[in-house]
Structure formats: C-alpha cells, structure tokens
1. Which is touching a residue at least 12 places away in the same chain (Cβ under 8 Å) and more than 30 Å from E146 (Cβ to Cβ), of N87, N35, N20, N48?
2. Is it the case, given these coordinates, that K200 is closer than 19 Å to V261 by Cα and out of contact with any Phe, Trp or Tyr (no Cβ under 7 Å at 6 or more places or on another chain)?
3. All but one of (1) modelled with pLDDT of 95 or more; (2) in a loop (DSSP other than H, G, I, E, B); (3) hydrophobic (A, V, I, L, M, F, W, C) hold for F123; which doesn't?
4. Just one of I173, I114, I106, I132 is within 22 Å of N236 (Cβ to Cβ) and of a type in the set (A, V, I, L, M, F, W, C); which is it?
5. Could you check, for the range 52-73, whether at least one of its residues is among the small types (G, A, S) and free of Cβ contacts under 8 Å to residues at least 24 places away in the same chain?
6. Give the range 227-279 a look and list any residue that's in a loop (DSSP other than H, G, I, E, B) and either among the aromatic types (F, W, Y) or crowded, with 23+ Cβ neighbours inside 10 Å (or both), or say none.
7. Within the range 142-226, which helices (runs of 4 or more DSSP H) (wholly inside it) include 1 or more residues that are at pLDDT below 95?
Amino acid sequence: MNKRMITMSLLGSSSSLGLNWIYDKELMSSFSKENEVLFLPIQHQLYNQAKNGFNVYKNHKIGDLDFMGEVMYIFHKFLISNKNNSNFKEFLYQHIGPDSEYDGYIEQYGKELIKSVSNGKLFTDHVDKQLIGCAMFIIGYAHNLEIDTIHNYTKVLTAYDQTLNFIHSLNYIFNNINETNKTSVLKESIKFLGNDYKGKMEASLTKIDIDEFIKNYSGIACGLEQSFPLIFYIVNNSNTYKDALRVNSSLGGASSARGLVIGAIYSITEEVPIDFKSILNKKI
C-alpha cells in the first residue's frame, strides 16, 4: 500500500477546505495576497462576502475532508477490511447513510447511492462528470489494484463513459512522472483523453497566464472539463507540493477536489512535509 500517496492526496483536500467552493475571483485574490490559504478554519465571513459561494461544511475543522475526500477514505478503509469480498456500495452506505455518524455535505453521487441502496443494483445509473472516478482510482492505485478492478468500483458512483480514459491518464502519470520530465509526461498522458478534453488539456501546458487560462480554457468549477485542465496547469507551473496547494487554494472553486489529484501526483516525487504530518483528522 502506498501510504504516502493516500496521505498527500487527502491533505490536498483538507488544505483548501476552508475556502472550498468560493466563486469570487477578486475576493479570493485579495484574501490570498494578505493571508495564508492552507489549512484554514472554514472562512464563514468570506463566504458571506463572496459574490457566489457554497458554505456547506460549516461544522468542519482543520484537518477534515470534503465529501470526495471522505469517500476516498471510506474506500481505503473498505480495501483494508474487505476480507470477505464485501459489497462496497453497502459499505459506503453504512458510512454516509442516514444512520451513520457522517454529518457533512453529501454530493449528488452520494445522494444517488443512498436512494438506490436497496434496489439490488451494484452499479449506478447516475452520470457524474466530476473527479470522483479519479479520486477512486488514486486509492485503488495506492492499494495496487488492477485498473479494471478499480474501474468497476468507480461504477458504484458514476456511469460516465469516459471515466476509464481519465484513469488511464492518471495511471500513466503515476507510473512515469519524476522531477525532470513533468511537462513531457503530462503532455503524453493527454492521449488517453477524449477529443472533448484534448484542446483544454494541451492549453494547460502552454505558457499562458493563469487568469487567462481559467477564463478561456478551464474555469474553477467541479466538472472534469474545468478541474482536470486546471490541475495540469497548476502542477506544470508549480515547483513544489506546497506551492501547488497554495495556488490551488487561492483560486477557490472546487479546490478540495482538485487538491486530491494534485496531492497524489506530487506524492510520486516528494515526501509528506514534516509540518503537515499531524494535520489530518484521519488515520491512514
């Protein structure tokens, strides 16, 4: 098991949770110039000031995770304890359903799972085009599962027909990236993605200002067409894990979800920072 990958990925989620889903470029730019942006308490006042913001983790503390990070952690626990080939759908329901202790926000793919838990179907009909398939892959990869096995687990949460493409792209990155070939590996990994994404992905590796890139190619929201190109841009233009997380958090939007993938990529080339080791409120 690749404990470092799981840890650095979940730290990516936690690092920007205090500013997650704030959609106000000017406000975020002003705040990030004057304040540390990593591992903050939920910035309730900033959400109130934002032109558009979704303050849905009101009770979360520093070191907690967004919902996607929670699902990743539950999947990790499932793979550790799954001695009898138990049902992941049932296992996840036990941890996020109405009788569970979970009291945070539940994204749509989680709500769909809760609604369908008793229908006898393992796979979902819900097409989720966010990063959940990538998040599941990170845990499966860290546990040394085969790609087809991981892909089947992602089908419990999303029926998106291009999920496997993103899995192959990340798999290529994880298997080949190092400190000296970052751009070339990211560029080569684009070949696995569908034509709907390639233009945005190729632009992410060009010399373009981040504000212009976001305006013309990505945006900062949750969908793969926005989040995956922006992840590539941030990784390609950041020298270290901490630098990448700070840029990511300062942008707002779906920063916690993006942080999961950013953290996993940097786990290939860096160690967990010493000052981050005791932050997570989860035991890996």
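The values are calculated or read from the model by the stated rules, or taken from the named source; none is laboratory data. Just so we're clear, the structure is a prediction, and the values are computed from it rather than from any experiment. Reconstructed Cβ throughout: ideal geometry from the backbone, glycine too, with neighbour counts over all protein chains shown.
1. Among N87, N35, N20, N48, only N20 is touching a residue at least 12 places away in the same chain (Cβ under 8 Å) and more than 30 Å from E146 (Cβ to Cβ).
2. no
3. (1)
4. I173
5. No, the conditions are met nowhere in the range 52-73.
6. Once the filter is applied, which keeps residues that are in a loop (DSSP other than H, G, I, E, B) and either among the aromatic types (F, W, Y) or crowded, with 23+ Cβ neighbours inside 10 Å (or both), the range 227-279 yields G252, G253, A254, S267.
7. 147-154, 182-189, 195-203, 210-216
Here is a yes/no grid of residues against (1) surrounded by fewer than 14 Cβ atoms within 10 Å (Cβ to Cβ); (2) basic (K, R); (3) in contact with a Leu (Cβ under 9 Å, 6 or more places away or on another chain); (4) part of a loop (DSSP other than H, G, I, E, B):
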position: L40; (1), (2), (3), (4): no, no, yes, yes
position: L46; (1), (2), (3), (4): no, no, yes, no
position: H60; (1), (2), (3), (4): no, no, yes, yes
position: L65; (1), (2), (3), (4): no, no, yes, yes
position: E70; (1), (2), (3), (4): no, no, no, no
position: L79; (1), (2), (3), (4): no, no, yes, no
position: H95; (1), (2), (3), (4): no, no, no, no
position: Y102; (1), (2), (3), (4): no, no, no, yes
position: V127; (1), (2), (3), (4): yes, no, no, yes
